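Colleague: Shown below is the structure under consideration.
No value in this document is a laboratory result; all are computed from the given coordinates. Nothing here was measured: the structure is a model prediction, and the numbers come from that model. Backbone-built Cβ (ideal geometry, glycine too); neighbour counts: all protein chains shown.
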Amino acid sequence: MFRGVLAPPGTHVLLLGNEAIARGAIEAGIGFAAAYPGTPSTEIIETLGRVAGKLGIYVEWSTNEKVAFEAAYGAAISNVRSLVAMKHVGLNVAADPLMSSAYTGVRVGFVIVSADDPSMWSSQNEQDNRYYGLHAFIPVFEAYNPAEAKEVVKFAFDFSEKHKHPVIFRSTTRLSHSRGPVTLGEIPKIKSKGEYIKDAGEFTLIPQVSRKLRVKLLEKWSKIREDVNNVPFNRIEDYGSKNLIIASGMAYGYVKDALKSLKLNDQINILKIATPVPIPEKIVLKALENIEKVLIVEEIEPIVENEVKRIAFENNLNLEIHGKDYVPKRGELTIDNVANAILKFMKKENLSLPWKPLEITRKIEIPRRPPTLCPGCPHRAMFYALKKAVSKKKINPIYCGDIGCYSLGALPPFKAQDCLIEMGGSIGLANGLAHTTNQTPIAIMGDSTFFHACIPGLINAIYNDAPTLVLVLDNRTTAMTGHQPHPGTGIKVTGEKTAIIYPEKIAEGIGIKHVDVIDPYNLNESIDKIEKAIDYVVNQRKIAAIIVRRACALLISAMARRRELRSPKYQVMTEECKACGICYNLFGCPAITPKPDGKAEIIQEQCIGCSVCAQLCPFNAIKMIEKGSKGWDELWF
């Protein structure tokens with residue numbers, strides 16, 4: 001990853017879609033980039049962070065998407081081209097400044113990358129953020145492969161600067177995480193310092209200013225609606241057919257591949273849309289000339305479809321228009337569902353697809369493997385200790401979960417995430433449940449999530465006396481999205497060292513009286529401290545916070561390999577094992593498996609030597625057989 005992004009102009013390189021987006025921003029001359037990590041957008045800022053020092057670009061991981069947006073917007077109103085990137089649900093967090101930025105506009109190019117996630121491969125929903133463009137009066141650009149993504153992003157900066165208006169570039173998982181050949185262009189001189197010229201009538205959104213800016217926004221939107229007809233990525237492929245397929249963004253690639261496979265290429269007209277919001281009406285009307293039937297192919301919502309129907313209605317066009325009646329409204333597009341939609345559109349449903357789904361034959365039955373926490377994951381030890389403490393205290397808790405690796409605590413064997421909706425929702429939900437039930441809310445959040453969205457909820461719980469047990473699972477990284485740093489790690493995206501911000505200090509600083517720090521690998525101590533915190537919450541009717549600190553097992557494994565350190569080795573003593581199943585059932589470590597007789601066995605290739613299984617075995621049947629290298633334990637904190 002990242003190689004080739006700084007190759008000389010004219011070089012042909014294979015880039016990830018997110019790398020191509022980053023290269024497009026570089027070729028556009030950005031001087032500022034900010035984001036909060038979230039799949040499928042993460043690699044954009046990672047790429048820019050790796051090359052920032054060489055190019056003179058300022059790049060940061062911000063504490064959340066709202067802050068990232070505001071920071072990048074600040075750059076854009078001080079005459080520094082800027083980019084902000086986030087996954088689709090992150091734009092919900094940044095929606096407040098997004099809406100306002102359309103009123104004020106910007107002074108130079110400002111591109112907002114929204115990486116949508118059709119099929120919800122790593123998300124809680126599959127919202128279509130093109131709706132934000134319609135809602136906020138912000139144009140939305142799309143591309144269908146990495147090469148075009150680079151060019152469209154580069155163009156979007158110029159478009160933004162021309163109209164002094166923010167622009168959204170909408171990617172999807174398939175585009176962000178696919179690789180394709182990209183031809184690199186020139187890198188201009190980077191400008192990372194500007195000047196903010198004061199103008200109270202431009203960027204100060206008090207009501208009397210906003211009313212005037214609303215009028216200007218609508219006038220500007222009219223000009224943008226006209227100008228998208230000049231965007232070169234919107235184009236008609238006219239083959240003299242009475243049938244037309246309109247495809248937006250990634251859908252264009254699926255359509256082209258499907259038509260080629262169906263041997264229908266050059267037989268159906270195609271309108272490729274790169275600006276679904278606002279739609280290029282003149283180009284659409286031209287494409288609809290002499291057309292009898294239209295099929296609109298797009299992922300998720302019928303944004304383009306609704307606009308095409310409006311245009312047809314307003315221009316008294318008698319057309320047969322199909323879209324979401326043939327194309328799925330949920331999940332990613334596939335070559336199969338696009339091809340089936342085309343066959344239906346062409347009234348050739350009797351024809352089968354000219355290919356068969358790949359059939360995999362195997363001689364052995366592969367066992368199902370549900371998602372699970374990694375071997376040695378400190379979250380597993382925490383969940384075990386938590387459930388033990390809750391059982392001993394005989395309380396009826398409500399486990400309020402959050403977004404992170406620990407979301408897997410919702411699954412067996414722990415089942416310790418009763419409600420989980422969005423970043424920061426753990427403490428937010430706990431605030432309400434503490435007042436409306438007689439149960440004890442337990443808010444479980446990660447360290448990066450704590451900094452992202454939980455601090456205001458924590459303050460609210462103190463202010464409004466919401467008795468809650470708060471667990472901050474500090475594994476020293478933003479693990480779920482690929483081990484990005486955050487304010488608690490003391491490292492910036494560029495690798496520079498910075499201040500470490502400790503969650504326990506924040507908890508104490510905002511007035512929480514019962515604050516503790518535990519090492520989940522010290523099982524008995526963890527159980528004891530969680531019990532004491534539960535007693536405090538139940539008896540004092542106050543909030544208690546525990547910081548659960550152990551580094552991510554994957555992070556430690558990588559560090560150990562680089563430093564050539566060995567982990568301790570543990571083994572199940574067969575004679576002493578009673579086949580109780582606690583280690584592989586109740587604890588659920590994937591490095592421990594049952595033998596045919598029910599006795600446990602440790603898979604040495606997977607074991608990271610955390611020692612928790614040895615501590616919880618009631619028969620002392622798991623023992624260390626080899627010590628780890630000197631310095632092994634120091635890696636974990």
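Colleague: Could you state the angle between the C-alpha long axis of helix 553-563 and the longest principal axis of the C-alpha atoms of the chain, as a value from 0 to 90 degrees rounded to the nearest 10?
Modeller: Long axis of 553-563 versus the principal axis of the chain: about 90 degrees.
Colleague: A further question follows. Compute the helix-to-body angle for 523-540: its Cα long axis versus the longest principal axis of the chain, expressed 0 to 90° and rounded to tens.
Modeller: On a 0 to 90 degree scale, this one is about 80.
Colleague: Run the dipole for the chain about the Cα centre, Lys and Arg Cβ at +1, Asp and Glu Cβ at -1, nothing else charged, and hand back the magnitude in debye, nearest 20. Please report the intermediate quantities before stating the final value.
Modeller: Details: 78 positive and 68 negative charges, 137 e Å.
It works out to roughly 660 debye.
Colleague: Give the peptides 453-461, 522-530 in descending order of average Cβ contacts within 10 Å, highest first. Show your work: numbers first, answer last.
Modeller: Values: 453-461: 20.6, 522-530: 18.8.
So the order, starting with the most tightly packed, is 453-461, 522-530.
Colleague: What is the magnitude of the charge dipole of the range 565-636 about its Cα centre, with +1 placed on the Cβ of each Lys and Arg, -1 on the Cβ of each Asp and Glu, and no other charges, expressed in debye to the nearest 20? Display every interim value, and only then the final one.
Modeller: Working: 8 positive and 8 negative charges, 14 e Å.
Here the size comes out at about 60 debye.
Colleague: If packing is taken as the average count of other Cβ atoms within 10 Å, what order do 327-336, 289-298 fall into, highest mean first?
Modeller: On the way: 327-336: 16.6, 289-298: 20.2.
Sorting 327-336, 289-298 by mean packing, highest first, produces 289-298, 327-336.
Colleague: Student exercise: in the range 491-637, how many lysine pairs 8 or more apart or on different chains have Cα atoms under 21 Å apart?
Modeller: For the range 491-637, qualifying lysine pairs total 22.
Colleague: Another question about this same structure. Sort the range 1-64 into rounded, prolate or oblate with this rule: let a ≥ b ≥ c be the square roots of the eigenvalues of the Cα gyration tensor; rounded if a/c is under 1.5, and if a/c is not under 1.5, prolate when a/b is larger than b/c, oblate otherwise.
Modeller: In terms of gyration-tensor shape, oblate.
Colleague: Another question, if that's okay. Determine the equivalent ellipsoid of the chain by diagonalising the alpha-carbon gyration tensor, then write out the semi-axes as square roots of 5 times the eigenvalues, largest first, rounded to whole Å. Could you put the intermediate results ahead of the total?
Modeller: Numbers: eigenvalues 449, 190, 116 Å².
Sorted largest first and rounded, they come to 47, 31, 24 Å.
Colleague: Once amide H atoms are placed 1.01 Å from N in the peptide plane, what residues at a sequence separation of 5 or more from residue 115, or on another chain, have their amide H within under 5 Å of its amide H?
Modeller: Sorted by chain and number, the residues that satisfy this are 86, 87, 88, 171.
Colleague: What's the Cα-based Rg to Rh of the range 378-557, Rh via Kirkwood? Intermediate values should be presented prior to the final figure.
Modeller: Values: Rg = 15.1 Å, Rh = 16.0 Å.
Rounded to two decimals, Rg over Rh is 0.94.
Colleague: Taking the Cα centre as origin and putting +1 on Lys and Arg beta-carbons and -1 on Asp and Glu beta-carbons, what dipole magnitude results for the range 12-229, to the nearest 20 debye? Before the final figure, lay out the partial values.
Modeller: On the way: 26 positive and 24 negative charges, 114 e Å.
Dipole magnitude for the range 12-229 comes out near 540 debye.
Colleague: So which trypsin sites (Lys or Arg not before Pro) in the range 563-637 pass both tests, a DSSP loop state and at most 11 other Cβ atoms within 10 Å of the Cβ?
Modeller: Here the trypsin sites (Lys or Arg not before Pro) that fit, given the DSSP loop and packing criteria, are 630.
Colleague: Roughly how tilted is helix 17-27, in degrees to the nearest 10 and between 0 and 90, from the longest Cα axis of the chain?
Modeller: 60 degrees
Colleague: Tell me which of 395, 434, 213 sits at the most positive position along the dipole axis of the chain, charges placed on C-beta atoms (Lys, Arg +1; Asp, Glu -1).
Modeller: After comparing all options, I get 395.
Colleague: With the contact rule set at Cα under 8 Å and sequence spacing of 6 or more, what percent relative contact order holds for the range 378-557? Don't skip to the answer; put the middle values down first.
Modeller: Values: 375 pairs, mean separation 43.9, N = 180.
Computed over the range 378-557, the figure is 24 percent.
Colleague: Then there's this: Work out the charge dipole of the chain with +1 on the Cβ of Lys and Arg and -1 on the Cβ of Asp and Glu about the Cα centre, then indicate which of 364, 316, 378 is farthest towards its positive end.
Modeller: Most positive-ward Cα: 378.
Colleague: For the range 565-636, what's the relative contact order in percent, using C-alpha pairs closer than 8 Å and at least 6 residues apart?
Modeller: Details: 118 pairs, mean separation 34.1, N = 72.
After rounding, I find 47 percent.
Colleague: Then there's this: Once the dipole of the chain is set up with Lys and Arg at +1 and Asp and Glu at -1 on Cβ about the Cα centre, which of 277, 103, 333 lies farthest towards its positive end?
Modeller: Positive-most Cα among the choices belongs to 333.
Colleague: May I pose another question? What does the highest-first list of 88-96, 180-188, 218-226 look like by mean Cβ count within 10 Å? Present the calculation step by step, with values, prior to reporting the outcome.
Modeller: Values: 88-96: 21.6, 180-188: 16.1, 218-226: 14.2.
So the peptides 88-96, 180-188, 218-226, ranked by packing, come out 88-96, 180-188, 218-226.
Colleague: So what's the projected area for the range 397-467, the Cα convex hull averaged over all directions, in nm²? Can you show the working numbers first?
Modeller: Values: hull surface 17.2 nm².
So the mean shadow area of the Cα hull is 4.3 nm².
Colleague: A further question follows. Remind me, relative contact order of the range 25-88 in percent, using alpha carbon pairs under 8 angstrom and six or more residues apart? Walk me through the numbers on the way to the answer.
Modeller: Numbers: 99 pairs, mean separation 31.8, N = 64.
This gives 50 percent for the range 25-88.
Colleague: Using helices alone, I'd like the mean residue ellipticity at 222 nm for the chain: each DSSP H run of four-plus residues gives -39500 (n - 2.57), total over residue count, nearest 500. Can you show the working numbers first?
Modeller: Working: 21 runs with 226 residues, N = 637.
Rounded to the nearest 500, it is -10500 deg cm²/dmol.
Colleague: At 25 °C and a viscosity of 0.890 mPa s, what translational diffusion coefficient does Stokes-Einstein give for the range 234-345, taking Rh as the Kirkwood radius over Cα pairs? Give it in µm²/s as a whole number.
Modeller: Details: Rh = 13.6 Å.
Reported coefficient: 180 µm²/s.
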